[in-house]
1. Restricting attention to the stretch 405-449, which residues are acidic (Asp, Glu) and farther than 20 Å from Ala225 by Cβ?
2. Could you count how many residues in the stretch 174-205 are modelled with pLDDT of 85 or more and surrounded by 15 or more Cβ atoms within 10 Å (Cβ to Cβ)?
3. For the stretch 340-360, enumerate the residues that are crowded, with 24+ Cβ neighbours inside 10 Å and polar (S, T, N, Q).
4. Within the stretch 279-300, does at least one residue satisfy the condition of being over 23 Å from Leu25 (Cα atoms) and in contact with a Leu (Cβ under 9 Å, 6 or more places away or on another chain)?
5. For Leu65, all conditions in the list (1) under 24 Å from Ala384 (Cα atoms); (2) surrounded by fewer than 21 Cβ atoms within 10 Å (Cβ to Cβ) hold save one; what is the number of the exception?
6. Is there a residue in the stretch 361-381 that is surrounded by fewer than 18 Cβ atoms within 10 Å (Cβ to Cβ), modelled with pLDDT under 90 and outside any loop (DSSP other than H, G, I, E, B)?
7. Which of the residues belonging to the stretch 351-390 are in contact with a helix residue (DSSP H, G or I) (Cβ under 8 Å, 6 or more places away or on another chain), hydrophobic (A, V, I, L, M, F, W, C) and more than 21 Å from Asn401 (Cβ to Cβ)?
8. Can you go through Ala281, Ala331, Ala302, Ala322 and tell me which one is crowded, with 24+ Cβ neighbours inside 10 Å and under 26 Å from Gly157 (Cβ atoms)?
Amino acid sequence: MFRKAESSPATTLAVVAVVQFMVSLDLSVVNVGLPQIASGLGFSATGVTWVIHAYALTFGGLLLLGGKASDRYGRKQLLLTGLALFGLASLIGGFAQEPGHLVAARAAQGIGAAMLAPGALALLATTFPGGRARVRAFGVWSATNAAGGALGVLIGGVLTQYASWRWVMFVNVPMATVAFALAAGGVAASAKTVRRGRPDVLGAVLATAGMTTLVFGVVRTDRHAWGSPTTLITLALAALLLAAFILVERTTRREPLVRLGLFANRSVSGANAYNLLVGAAMASSFYFMSLYLQRVLDIGPALTGVMFLPFALGVVVGSVLAIKLGYHVSAKRLLIGGALLTAIGFAWFGQISADGRFLTDVLGPSIIASIGFGLCLGPLVATATTDVAPEETGTASGLLNSSRQLGASLGLAALGTAAHDHTGDLITPETLNSGYARGLTLCAVVLLVAVLIAATSLKRQPARSDA
């Protein structure tokens, strides 16, 4: 279908970096525009969060299937198909006229991202199997990944204020086009694994339906108490769907979506548990700080985006430090230290006030939290793909991406609801500030749990100084 391409490690790294920047950017580029999206299309205060949930849920829920498909049908094939779908969904979403239109487009974006992200990460893992080159490659990946998330806030703010919120969707179209051209001409087709059976589509449906129902139940606690019949029934249905997913994976005659034995690998299971919590804390913190700057301090979207620049730069600094330290310090220690540093930054964020100042309420904690976050990213991905068979690298990569996106959606649902409850029915800058501060403090607590998981669950991998 595609012409044969000659690929070098440097070309592969460049393609993966562009793809990951785009996927990561799309998680945060809409955050600053949420108030304008809500007023422009008529979303409710809590309903607008589904602009984020729709993307994160389909992305996270289908990543396992995407990872399996990349191993089965070829990583380049899935990468190009995902880029085409992602770009088309972005274009359609920019022309949305009703809330349902935009939510559907975001869901389609998530499906496209679920196709391309595992293939890209698996290409990186197989192209750089070990040594110093692997440390550098995952350092570059982590920097572009984090920069996309952080710069997305700046890009979204500028586009929202000086163009329209619709451009937070349109901006993906040229990036997807460029990434498609780079991948088509610069990445060689990967070998396909032997097909042992048909893919487990039912498992993917059950996983996505279960997580969607779970998040929906948590989000609705702003209207229905945790102990209400509505909430209890919704959460019970979610548990039933997820239990059915596990049963299907254990008994299916098709090729399982994820081999449950993969979780016996401590690096895989520990890294994914850690990643789920980090995803929950980071997505929620971006959401709270974006709304704090706009709704409490009354700062415009463009300037709000500028104020996130120190965070983006700090993540890049942390990623570079992780490369340097990765030659001499184990990944486990970097994960513990990075999460601790980020937790300190979020605890500082939790001290925001209704008359806050940029230097003390934004800049200071941004520097600490972002450097810590940058220290985590590269070692986390390297750990999650350690000791994984080559034919399962796509699945392991999809699993890691899935845990992050599902963590982001669940974290935003749970912590957003907690912040909303703390705010109360009387909406003033002071009450909003109180709710956002509570949410940011809870982000720090979540990261401390991640530290505990890294300390107790991950085995210590040797540093790469002898590579």
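1. Glu430
2. Final tally of qualifying residues: 3.
3. Within the stretch 340-360, Thr342 is the sole residue that qualifies.
4. Yes, that holds for at least one residue.
5. Among (1) under 24 Å from Ala384 (Cα atoms); (2) surrounded by fewer than 21 Cβ atoms within 10 Å (Cβ to Cβ), the lone unmet condition for Leu65 is (2).
6. Scanning the stretch 361-381 turns up no residue that is surrounded by fewer than 18 Cβ atoms within 10 Å (Cβ to Cβ), modelled with pLDDT under 90 and outside any loop (DSSP other than H, G, I, E, B).
7. Listed by number, the residues that qualify are Ile352, Ala354, Phe358, Val362, Leu363, Ile367, Ile368, Ala369, Ile371.
8. Going through Ala281, Ala331, Ala302, Ala322 in turn, just one is crowded, with 24+ Cβ neighbours inside 10 Å and under 26 Å from Gly157 (Cβ atoms): Ala281.
The values are calculated or read from the model by the stated rules, or taken from the named source; none is laboratory data. Small disclaimer: the values here were computed from a predicted structure and weren't measured. Quick reminder, even Gly has a Cβ in these numbers, built from the backbone with ideal geometry, and neighbours come from all protein chains shown.
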